[in-house]
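Structure first, commentary second.
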Amino acid sequence: MPTETVWGIAARADHSAAVRALYRAKRRSRYHPFLLAVAGVESLNSMKISVSKLELKLLEAFWPGPLSLLLNNASKHYSAASAFLPKIGWRCPSVKYLQLLLSELEYPLALPSANISGLPELSSSKEIENIFAGIVDAVVEKPKGLSMKGQASTLVEVSDNNKIKVLREGALSENEICSILN
């Protein structure tokens with residue numbers, strides 16, 4: 001499925017068999033967690049995922065959009081997707097069809113880039129159909145007018161002492177992230 005950053009491949013984050021299938025499809029190590037996609041901050045609240053004041057400020061500034069924020073994984077429901085780590089990355093894509101889908105779901109989606117791990121992201125539905133033939137259930141066509149940035153989301157963590165750390169710079173620059181502090 002296309003996002004505002006790159007093409008993604010998705011599975012129910014609370015369904016361990018689906019998450020395991022996603023790891024197999026991407027040929028990805030189970031020790032490398034997936035980002036989870038939700039409809040917005042209210043989704044985090046309903047799942048009892050707590051955020052600090054600074055984390056909320058980041059979310060309000062950049063969600064929906066290409067920010068992924070590493071938060072405490074308070075729920076065991078997403079353990080497989082988080083590679084059993086204490087924190088997991090959360091993302092809120094800005095693409096309208098994906099926003100509508102996520103708002104209808106009662107669970108987040110594990111939504112990594114659509115590629116074989118370690119290889120470049122795929123750039124068209126045809127490439128995805130060729131690489132993942134017989135593995136994925138459906139391929140969502142890119143909506144007309146959707147401009148994809150071609151870069152993954154920027155992954156950020158806020159430390160216990162409120163320091164922002166950019167773990168992976170992507171579609172948002174570190175300067176853009178830090179500009180909200182001023």
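Please treat every number below as a calculation from the coordinates, not as lab data. Keep in mind that this is a model prediction, so the values were computed, not measured. Every residue, glycine as well, gets a Cβ built from its backbone with ideal geometry; the counts of neighbours run over all protein chains shown.
Within the range 130-142, does at least one residue satisfy the condition of being under 23 Å from C92 (Cβ atoms) and not aliphatic (A, V, I, L, M)? Yes, the range 130-142 contains a residue that is under 23 Å from C92 (Cβ atoms) and not aliphatic (A, V, I, L, M). I'd like to check something: does the range 105-115 contain any residue that is loosely packed, with under 13 Cβ neighbours inside 10 Å, closer than 26 Å to S16 by Cα and out of contact with any Lys or Arg (no Cβ under 8 Å at 6 or more places or on another chain)? Yes, that holds for at least one residue.
Looking at L70, L44, L102, L59, which one is touching a strand residue (DSSP E or B) at 6+ places or on another chain (Cβ under 8 Å), of a type outside the set (F, W, Y) and within 22 Å of P2 (Cβ to Cβ)? Step by step, each of L70, L44, L102, L59 is checked, and only L102 is touching a strand residue (DSSP E or B) at 6+ places or on another chain (Cβ under 8 Å), of a type outside the set (F, W, Y) and within 22 Å of P2 (Cβ to Cβ). Inside the range 45-64, residues that are under 18 Å from the mean Cα position of the chain (by Cα), outside any helix (DSSP H, G or I) and within 18 Å of N161 (Cα to Cα) make up a count of 2.
Residues in the range 128-144 that are in contact (Cβ under 8 Å) with a residue 40 or more places away in the chain, closer than 19 Å to R28 by Cα and surrounded by 16 or more Cβ atoms within 10 Å (Cβ to Cβ): I128, F132, V136.
Take the residues of the range 25-39 that are in contact (Cβ under 8 Å) with a residue 60 or more places away in the chain and not aliphatic (A, V, I, L, M): which is surrounded by the most Cβ atoms within 10 Å (Cβ to Cβ)?
The selected residue is F34.
For the range 65-81, filtering for residues that are on the phi < 0 side of the Ramachandran plot, surrounded by fewer than 21 Cβ atoms within 10 Å (Cβ to Cβ) and of a type outside the set (A, V, I, L, M, F, W, C) leaves 5. Within the range 82-103, the residues that satisfy the criterion of being part of a loop (DSSP other than H, G, I, E, B) and within 17 Å of K48 (Cα to Cα) are S82, P86.
When F84, F132 are screened for being on the phi > 0 side of the Ramachandran plot and out of contact with any Phe, Trp or Tyr (no Cβ under 6 Å at 6 or more places or on another chain), only F84 passes.
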